[in-house]
Structure formats: structure tokens, C-alpha cells
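Here's the structure we're looking at; comments come further down.
All of the numbers you see were taken from the coordinates with simple rules; none came from a lab. Computed from a prediction, not measured in an experiment: that's the story for all the values here. Every residue, glycine as well, gets a Cβ built from its backbone with ideal geometry; the counts of neighbours run over all protein chains shown.
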Number of protein chains: 2
Amino acid sequence: MDNMNLDQHISQRFNQDLEEIRSDLLEMGGIVENQVVDAIAALMDADSEKASKVLKTEDKVDIKEKSIDEECTQILARRQPAASDLRLVLAVSKTILDLERIGDEAAKIARYAIELSEEGESPRGYIEIRHIGNCVHKMLHDALDAFARFDVEQAIKVVKQDKSVDQDYATAIREMITYMFEDPHSITRMMNIIWALRALERIGDHGRNIAEQVIYLVKGKDVRHISYKEVKEKARS
Amino acid sequence: MDNMNLDQHISQRFNQDLEEIRSDLLEMGGIVENQVVDAIAALMDADSEKASKVLKTEDKVDIKEKSIDEECTQILARRQPAASDLRLVLAVSKTILDLERIGDEAAKIARYAIELSEEGESPRGYIEIRHIGNCVHKMLHDALDAFARFDVEQAIKVVKQDKSVDQDYATAIREMITYMFEDPHSITRMMNIIWALRALERIGDHGRNIAEQVIYLVKGKDVRHISYKEVKEKARS
């Protein structure tokens, strides 16, 4: 092989590596997204079997995270990427942390679903769970989609969605506290609903983090810890 | 300058860079540790002035995180570290995420402290806050100390502490729910105590994450998502 071919060969191999961590990330994202959907459904339908399915997937997610993290380290050590390649590796290595934590929150929701299913049905708080659950599932889906297509505008939308989830969450918590006050016998039950709402809100935060990584990856700009308005301006400039 | 001197010069500059991110990390750790201490004190003493001080430090922590993250990216792009140098950079870039989130949790506690101070004093839940607060402060302090001294044994101890914090937290939450049941008028107040306990428990989790990074850094072993017993075995082998 002459030098130019060798260079090309190395560069192809490198692109393959980068493509691999990206597709592995999206695969991990798909698994975690299913966990979230199943956990919410388990809660709504008092379906402890579905909840157990979510808990059984936890190990799979952890293994996936470790292996992608290891791939990222290998690429950094062997290929010494620069510029946008380096940003891709760093964005993947941070995004898998968020995905792993979303999986953790989904597992928590599954555990609350099991406890709630033992206590029998009650409509209190279910509208709020369904509503916020739908919102954060959409956020996660859109954030992963933005990552798959390197789509900054989609990422900006996810950051915006997080703001409205936070507002809906605060309102829902106040409602649940009112229910507890009106019917102290429901306190234990309502606490499980409150924890589930909290877990959903956290999933929204992690969805936002993923969207911020997409903006960093494409634009090279760190848009964490700033308002939605500032994110929009910075990402589009 | 001959070649050898140039090599030495580059390598000295590189070591300076590594030393800098390490000391910047420890400085950021010190700021965050103070936030935790002040937030707990603000809660215990119904001191809303101290709570405001914690909230004012949030920006400082965010700026510190961004600048260390940027330094890490620069080192990866320009110096292409390998082996233990690469592990140091990666461990720093993950640990600052945990420190930033500990700062977030401290800010949450400060906000609950302000709400609680408006409602007047009540001894309910304060023993639990003080006890768990002391434990997680110790965990954070020990984790940062382990990072400063690359001390694996100290890091193992932090992982062990997290287990006992989780147990104490579960017991405390059960107690708070009993109080709410006995005195529904205290529900709003107790919810603030519960959120503060939750924030402390999360700080403990992040302290454990930092300790796990120390083990990765020194031993090159990923000890996340495994039990304390497994961590101990893996870190010592």
C-alpha cells in the first residue's frame, strides 16, 4: 500500500469508529426510550409485569454505557481526533451518562408502579402523570432524533419543551399536596405519584442535556446553564 | 534548543496543564463543599441570608465548570494524552459534572431553607437532616481528598458510606410520611424537609460517583453499577 492509500485506509477506519459510537449511542437511546414508555404504561395500567420488564433492562443499559464509554476512550487514545471529530466523541461520552440516568429514573418509576399496583387503582394524579409522561417522552425522542440528524433547530425545540415541563411539574406537585391535605389516608399513595412525577421531570432535564450536547457538537458552542432565549440566540448565531 | 530539550519542554508544559486541571477541579470542589455546608446550616438555623449566599455562588460554579471543561477539551485536542494522562483528563471532565450537580442540589436545599424560614421553626425532621447532612458532607470531603491524593482506599470508603446514607435516607422518608399522616397541617412543611433529604441523598450519590472516578483514574477500572463488595474487590485487585 502506498502512503496515500494507507492514509485513506486509516481515515476510513476512523470514520467507521466514529459512525459506530454514534449508532451505538442511538441504539442505547432506543432501549432507554422504550424503558420510559413502558414505565409510564406500567404506572398508568397498574401493570407490574411491564414494570418488571423495565427493571430487567437496567443491566443491559449499564453494559451498553460501559462499552460505549470504553470505545470513546479507545478512540481518544488511538486516533487522537480533533475539531468536530473530537466534539463528537466528547458529546457521545456525555450523552451516554444522561441516557444511563434516564434509565435509572425509568427504573424508579417502574418500582413506584409496582408499589401502586399493590394498593389498587385510584385516578388521583394520573392525568398529570400521563400529560408530563407524554411530554418528556417526546423530549427524549426529539433529542435523540436531533442527535441522529445533527439537527440544531430540533435541539432548540427540546430546550423549549423542558421549560414548559418544569412549569407543569410545579403545578402538578401543588395539586398532589392539596390531595394529601384533603385525604391524609392517601399520603403514602400520593407520595409514590409525587416521586414518579419527580422522576419524569428529571428525565426532561436529561433530555435537555442531550439537546445541549447536539448544539455543542454541531456548533461548537457550550449552551449549558443559560436561559432558553440565550440558547436560541447562541445556537443560531 | 536541541530535540531532547524541546521534548522535555513540551512534556513539562503538558504536566503543567494536567496539574492545572487537577488543582482547578479541587478548587471547584472546595467551593461546592462550602455550598453544601452553608445550605445545611441555612436549613438548620432558618438562616435565609446564608441561603441567599449559596444561591449567589451558583453562577461561579457554572463558570468554573465550563472553563475546566474547555481546558480538558484543549488538552485532548493539542496534547493527545495517553494512558494515565488520558484517564486523568477524562476523570476530571466527568467529576466536574458531578460537582456542578452537587452545587445544584445545594441550591435546592437553600431554596427549601428560605421557604422553611418563612414558616417558622419546627423540630420535625431536623435530626434526620443534620445526621444525613453530616454524612454526605463527609462523603464529599473524603471523595475530593481521595482525588487530591489519588487514594484508592479512601475512595472505597466513600462508596461504603453511600450505602449507609441510602439506608438512613429511606428510614428518614418513612418517618416524615408518618409525621404528615399524624398532622396533615404540617404537609407543606414536611414536603420541604423531604425534598431537602432527597437533595442530600443525591449529593451522596454524586460523592460516590467522584470516588468511582478516583478508582478509574488510579486503577484504570470502571467500577460503576456494581455493589460495594464488588467495588472493593475490583479496586484492590
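Just a few scattered comments:
- 10 Å Cβ neighbours from other chains, averaged over peptide B:85-95: 2
- For B:197-210, mean number of other protein chain Cβ atoms within 10 Å: 0
- Residue among B:54, B:96, B:177 farthest towards the positive dipole end of segment B:12-236, charges placed on Cβ: B:96
- Sorting A:143-150, A:77-84 by their mean Cβ neighbour count within 10 Å, with the most densely packed peptide first, gives A:143-150, A:77-84.
- For chain A, the Cβ-based charge dipole about the Cα centre amounts to some 800 debye (Lys, Arg positive; Asp, Glu negative; other atoms uncharged).
- Cα centroid separation, segment B:130-150 to segment A:149-168 (Å): 35
- Ratio Rg/Rh [Cα only; Rh per Kirkwood] for segment A:185-237: 1.27
- Placing +1 on the Cβ of every Lys and Arg and -1 on the Cβ of every Asp and Glu, with no other charges, gives segment A:1-120 a dipole of roughly 360 debye about its Cα centre.
- Prolate/oblate/rounded label for segment A:72-167 (Cα gyration tensor, a/c 1.5): oblate
- Mean-position separation - Cα centroids, segment A:29-82 and segment B:1-56, in angstrom: 32
- Across the copies of the chain, residue A:7 has label points (7 Å from Cα along Cα→Cβ) spaced 2.6 nm apart, shortest distance listed first.
- In terms of other Cβ atoms within 10 Å, A:26, B:25, A:200, A:90 run from fewest to most in the order A:26, A:90, B:25, A:200.
- The magnitude of the dipole of the protein assembly as shown, with charges of +1 and -1 set on the Cβ of Lys/Arg and Asp/Glu and taken from the Cα centre, is near 480 debye.
- Ranked by how many other Cβ atoms sit within 10 Å of their own Cβ, fewest first, the residues A:130, A:87 fall in the order A:130, A:87.
- Calculated Rg and Dmax of segment A:12-236 using C-alpha coordinates, Å: 18.8, 65
- Pairs with C-alpha atoms separated by more than 28 Å, drawn from the list A:66/B:53; B:64/B:108; A:56/A:229, are A:66/B:53; A:56/A:229.
- Placing a label point 7 Å from the Cα of residue A:170 along the Cα-to-Cβ direction, the distances to the matching points in the other copies come to 3.4 nm, shortest first.
- Residue of B:193, B:132, B:63 that the Gaussian network model of chain B assigns the largest fluctuation, springs spanning Cα pairs under 10 Å: B:63
- Anisotropy class of segment B:1-135 from Cα gyration tensor, a/c 1.5 cut: prolate
- Directionally averaged shadow of the protein assembly as shown, computed from the convex hull of its alpha-carbon atoms, nm²: 24.7
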